[in-house]
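Take a look at the structure below.
The numbers here are math on the coordinates, done by the rules we state, and not lab data. The shown structure was predicted, so the numbers you read here are calculated from the model rather than taken from an experiment. Glycine gets a Cβ as well: all are built from the backbone with ideal geometry, and neighbour counts include every protein chain shown.
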Number of protein chains: 2
Amino acid sequence: MLRLSKLTDYATVILSDMAKDKTQVHSAMEIAATTRIALPTVSKILKLLVNAEVLISTRGAKGGYVLAREPENISVATVISALEGPIALTECSISQQACEQAAGCGIRGNWSLINQTIHNALESVTLADLIRPTVVPDEVLIPVSSLYR
Amino acid sequence: MLRLSKLTDYATVILSDMAKDKTQVHSAMEIAATTRIALPTVSKILKLLVNAEVLISTRGAKGGYVLAREPENISVATVISALEGPIALTECSISQQACEQAAGCGIRGNWSLINQTIHNALESVTLADLIRPTVVPDEVLIPVSSLYR
DNA sequence: TTTAAATAGGACTAAAATAGTCCTACAAAT
DNA sequence: ATTTGTAGGACTATTTTAGTCCTATTTAAA
């Protein structure tokens, strides 16, 4: 269902939580407690976010995790790719090697355009936006169609 | 990886194929042959597309499938939801019932906005666009960020 | 009216991805 | 030294997805 994995979902919850208190070092245990996500799972997610340079970790007693940069500079796209790998709707957009159908496939180019579109949409939303109080706009304008007309 | 399922991918290939010859009735066997996708799999996909009213089927000898409407009027969003169900990145955007974290979750509203954005992007691209010769534009403009500034 | 060529619907199996857990090693503070 | 913490990876269980198959029904044509 074009669904994000649960882990990614958790990651956004965790990061939102951390963003509210963005200079404080949070331990995995503490985060598990406030988010009510099981500790081993929290740890796993935090590690992935460190690898993606979204978080910075400190080892040892009083160690823990902090945001590596301002919430405004952490895009949703970054978080998703940290947890799930590259954002691409179709297999052929990632692996350079042609699929079996590639020869007669005239739609690859257009898929990559759609991927690009979605990637841009996710890139433009940041952690700061996520924790902002919800505003439901009258209309959401997406001029993708203009590309074709 | 925010990936489409293989079946959805196949569906776009199948539909593109059918769109090239949009008034002709195609049997499942014929489609399997030209797309090189296994027959039982093709059948499964075609049935789903009939249920979603993207295709119209005719039973019996000389029966088969045709597009239910013009390729311009079949959106990628429709195809995706036919195969995968509602397009929603997060669980909570679909099931009305609150998740465990819901109480302290301040990001649900913003997720639904992102969902909406992506849905609109996918809604604006049609089967007709998919089979069009690829054009790579200089820039893809997505003003999602403008919603927040 | 019989037969062949199709789809409809659903049950079922196999395979792959995802989620979740656990263990051992390492680092820093007290 | 000991305690509190992360790093990294192996492992297991669960769920989802992909793929197959069977039986019923429908229609065209011989």
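For the residue pairs B:K6/B:K47; A:K6/A:K44; A:K6/A:K62; B:K22/B:K62; B:K6/B:K62, alpha carbon separations beyond 19 Å are given by A:K6/A:K62; B:K6/B:K62. Net charge of the neighbourhood of B:A128, taken over other residues with C-beta under 9 Å away and scored Lys/Arg +1, Asp/Glu -1, is -2. For B:R3, the shell of other residues with beta-carbons less than 14 Å away shows a net charge of -2, using +1 for Lys and Arg and -1 for Asp and Glu. Considering only the other residues whose Cβ falls under 12 Å of the Cβ of A:T90, what net charge follows from Lys and Arg at +1 and Asp and Glu at -1? My count for the surroundings of A:T90 gives +1.
Extending 7 Å from Cα along the Cβ direction at A:A61 and again at A:T41 yields two label points whose distance is 3.2 nm. Given axes a ≥ b ≥ c from the Cα gyration tensor, I'd like to know whether the range B:6-130 is rounded (a/c under 1.5), prolate (a/b larger than b/c) or oblate. Note, shape of the range B:6-130 comes out prolate. Reducing the range B:28-94 and the range A:37-74 to their Cα centroids gives an inter-centroid distance of 42 Å.
Residues whose amide H falls under 5 Å from that of B:T126, counting only those 5 or more places apart or on a different chain, are B:V76, with hydrogens built in the peptide plane.
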